[in-house]
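The next block holds one structure in the form of structure tokens; read it before the comments.
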Amino acid sequence: MQKLNVDNRDYSHAYSYNEIRMEYPIISKWIEPNSKVIDLGCGDGALLQSLKQKKNISEVGLDVSEKAIELCRQKNVNAFCASIDSKLEFEDNSFDYSICNVTIQMVKYPEILLFEMKRISKYQIISFPNFAFYKNRFELLFKGRMPTRMLYNYSWYNTGHIHQLSIIDFKYLVSNIGGIRIKELDFYKSGNVLKNYLMETFPNLFLQIPIYLLSKYD
């Protein structure tokens with residue numbers, strides 16, 4: 001049984017470590033060298049640090065956690081403590097790319113965040129846990145309880161993942177924001193050909209973490 005004092009809502013980033021996530025290589029391949037990049041919900045700065053080393057970007061990171069910003073600065077990553085839940089303090093088209101990696105489901109106003117990403121950057125890169133993943137569906141159907149897989153094994157009451165969404169939900173949000181389009185969907189490939197086929201053919205059912213590249217309309 002899960003302990004009640006386990007909680008991930010404070011975004012404390014209590015431990016100093018470099019978290020290299022599976023999304024990073026996919027995000028990196030979309031970033032042109034020498035670009036201006038902002039990471040919204042940058043965490044410990046590992047992604048921006050990697051992009052600086054590989055793509056020579058000019059970077060800005062934003063995160064609500066003071067500990068996260070401290071870890072960013074230890075990595076020589078330019079980052080500031082700020083909320084991404086309201087209008088961002090940047091001019092229109094300040095960046096080539098804005099990134100929100102596995103974070104949009106944790107903000108109060110995801111529609112405002114996506115609109116602001118469109119406003120300040122030409123391209124937007126967004127990933128999120130797909131709550132319509134088939135194992136979640138089975139858990140809800142057969143156990144009759146909120147699935148924990150896409151909550152990273154937290155429970156509904158002690159998680160910062162407050163907006164559970166599916167791929168279909170995300171596409172609907174993009175269409176409602178207007179002025180942006182989905183250019184590409186990618187995902188971390190497994191060594192299983194059948195699994196990769198299912199993820200590509202039926203993403204809303206079989207993809208756990210979709211990674212989207214969006215752009216403004218020309």
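The values are calculated or read from the model by the stated rules, or taken from the named source; none is laboratory data. As the structure is a computational prediction, the values presented were derived from the model and not from experiment. Here the Cβ positions follow ideal geometry from the backbone for every residue, glycine too, while neighbour counts run over all protein chains shown.
Being of a type outside the set (S, T, N, Q) and surrounded by 15 or more Cβ atoms within 10 Å (Cβ to Cβ) is the filter here; which residues of the range 199-215 pass it?
Within the range 199-215, Met199, Pro203, Leu205, Phe206, Leu207, Ile209, Pro210, Ile211, Tyr212, Leu213, Leu214 meet the criteria.
Residues in the range 153-171 that are part of a loop (DSSP other than H, G, I, E, B) and within 22 Å of Tyr109 (Cβ to Cβ): how many?
Within the range 153-171, residues that are part of a loop (DSSP other than H, G, I, E, B) and within 22 Å of Tyr109 (Cβ to Cβ) number 11.
Check whether at least one residue in the range 209-217 is under 25 Å from Glu89 (Cβ atoms) and among the basic types (Lys, Arg), and report yes or no.
yes
What's the number of the condition Ser35 fails, among (1) surrounded by 13 or more Cβ atoms within 10 Å (Cβ to Cβ); (2) modelled with pLDDT under 60; (3) among the polar types (S, T, N, Q)?
Against the list (1) surrounded by 13 or more Cβ atoms within 10 Å (Cβ to Cβ); (2) modelled with pLDDT under 60; (3) among the polar types (S, T, N, Q), Ser35 comes up short only on (2).
Among the numbered criteria (1) at pLDDT below 95; (2) not in a helix (DSSP H, G or I), which one does Leu214 miss?
Evaluating Leu214 over (1) at pLDDT below 95; (2) not in a helix (DSSP H, G or I) leaves (1) as the failure.
Got at least one residue in the range 104-118 being within 15 Å of the chain's Cα centre (by Cα), hydroxyl-bearing (Ser, Thr, Tyr), crowded, with 17+ Cβ neighbours inside 10 Å and within 17 Å of Val64 (Cα to Cα)?
For the range 104-118, residues within 15 Å of the chain's Cα centre (by Cα), hydroxyl-bearing (Ser, Thr, Tyr), crowded, with 17+ Cβ neighbours inside 10 Å and within 17 Å of Val64 (Cα to Cα): absent.
One line per residue, one yes/no per condition, for (1) hydroxyl-bearing (Ser, Thr, Tyr); (2) in contact (Cβ under 8 Å) with a residue 40 or more places away in the chain; (3) out of contact with any Cys (no Cβ under 9 Å at 6 or more places or on another chain); (4) closer than 20 Å to Ile120 by Cβ:
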residue	(1), (2), (3), (4)
Ile162	no, yes, yes, no
Ser166	yes, no, yes, no
Tyr172	yes, no, yes, no
Asn176	no, yes, yes, yes
Glu184	no, yes, yes, no
Leu194	no, no, yes, no
Phe206	no, yes, yes, no
Pro210	no, yes, yes, no
Leu213	no, yes, yes, yes
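Exactly one of these conditions fails for Ser98: (1) touching a Phe, Trp or Tyr at 6+ places or on another chain (Cβ under 6 Å); (2) under 29 Å from Tyr172 (Cβ atoms). Give me its number.
Only one criterion is unmet by Ser98, namely (1).
Given the conditions (1) farther than 23 Å from Phe202 by Cα; (2) outside any helix (DSSP H, G or I), report the number of the one that Glu184 does not fulfil.
Every listed condition holds for Glu184 apart from (1).
Can you pull out the residues in the range 129-167 that are surrounded by fewer than 12 Cβ atoms within 10 Å (Cβ to Cβ) and either under 15 Å from Ile211 (Cα atoms) or basic (Lys, Arg) (or both)?
Passing the criteria: Lys143, Arg145.
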